[in-house]
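Working notes, structure below.
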Amino acid sequence: MAKEELMTFDGQINEIFPDGRFRVLLENRCSIIAYTAGRMRRGRIRSVVGDQVRVEMTPYDLEKGRIVYRERGSAPLHTMQRKRR
């Protein structure tokens, strides 16, 4: 495995921590701490508990990751904002 290769997993956000960090339960039932990628912060993409996300991890530290994508339409209905008229 090359040094630059990242592993990608799908998961679900279980808990929100301060400073853009989240506890994510991966598809293989492992729980990790993940932070929001810079692109998501710049685009002001908000994540809430229950969102399906894609996480990148390095093979050197399997307890931390970076959230790089949030699935569209995965936010619960009560968190979606109405369009203003």
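Every read-out reported here was derived from the displayed coordinates using simple, explicitly stated rules and does not represent laboratory data. A quick note: this is a predicted structure, and the numbers were derived from the prediction, not measured.
Let me check against my output: what whole-number percent is the relative contact order of the stretch 7-74, with C-alpha pairs under 8 Å and at least 6 apart?
On the way: 138 pairs, mean separation 23.4, N = 68.
Relative CO of the stretch 7-74 lands at 34 percent.
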Over the stretch 7-74, what lengths in whole Å, largest first, do the semi-axes of the equivalent ellipsoid take, defined as the square roots of 5 times the eigenvalues of the alpha-carbon gyration tensor?
17, 13, 11
